[in-house]
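A.B. asks: Let me begin by handing over the structure; questions about it come next.
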Amino acid sequence: MKQTLTNIRPISVSIVGYILNTAKNWRTPIKDFHLKIEKNEKAKLGLCFDHKLTKTSETQYETHIKNFIPKRNLKVYYFQ
């Protein structure tokens, strides 16, 4: 059976990268790491990050990590 897709809208993706991996070269962990991500109300958010984010408002997500040692760089994906 053949299906026809209707009402398809294109998706726009913006990717923002943050270099955190350099921290591996530091002698100590990042003592007080605070990440705040803001998006517009219509966008969907996706990211590659090993820690939990807390939704603090309709448009903001945050995390606060003590003695943070990043395993990889951070990538944030905004889907419109």
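None of the figures in this text is laboratory data; all of them are computed from the coordinates on show. It should be emphasised that the depicted structure is a prediction, and the values quoted were computed from it without experimental measurement. Virtual Cβ from ideal backbone geometry, glycine too; neighbours counted across all protein chains shown.
A.B. asks: Go through the stretch 37-44 residue by residue and turn each phi into a ³J(HN,Hα) via Karplus (6.51, -1.76, 1.60, θ = phi - 60°); whole Hz please, and just put x for glycine and proline.
C.D. replies: Karplus-based 3J(HN,Hα) across the stretch 37-44 equals 10, 10, 9, 7, 4, 8, 6, 9 Hz.
A.B. asks: Label point 7 Å out from Asn21 along Cα-to-Cβ: which residues of the stretch 50-80 have amide N under 18 Å?
C.D. replies: Zone members listed by number: 50-51, 69-77.
A.B. asks: In Å³ and rounded to a whole number, note down the convex hull volume per residue for the Cα atoms of the chain.
C.D. replies: Details: hull volume 10.3 nm³, N = 80.
In the chain, the Cα convex hull volume per residue is 129 Å³.
A.B. asks: Using Cα pairs closer than 8 Å and at least 6 residues apart in sequence, work out the relative contact order for the chain, in percent. Please report the intermediate quantities before stating the final value.
C.D. replies: Working: 121 pairs, mean separation 36.8, N = 80.
It rounds to 46 percent for the chain.
A.B. asks: Under a plain spin-label model, where a point goes 7 Å from the Cα along Cα-to-Cβ, how far apart in nm are Arg9 and Ser57?
C.D. replies: Simple spin-label model gives 2.4 nm for this pair.
A.B. asks: Could you order peptides 45-52, 68-75 by the average number of other Cβ atoms within 10 Å of their residues, highest first?
C.D. replies: Working: 45-52: 12.8, 68-75: 14.4.
The densest-packed peptide leads the list: 68-75, 45-52.
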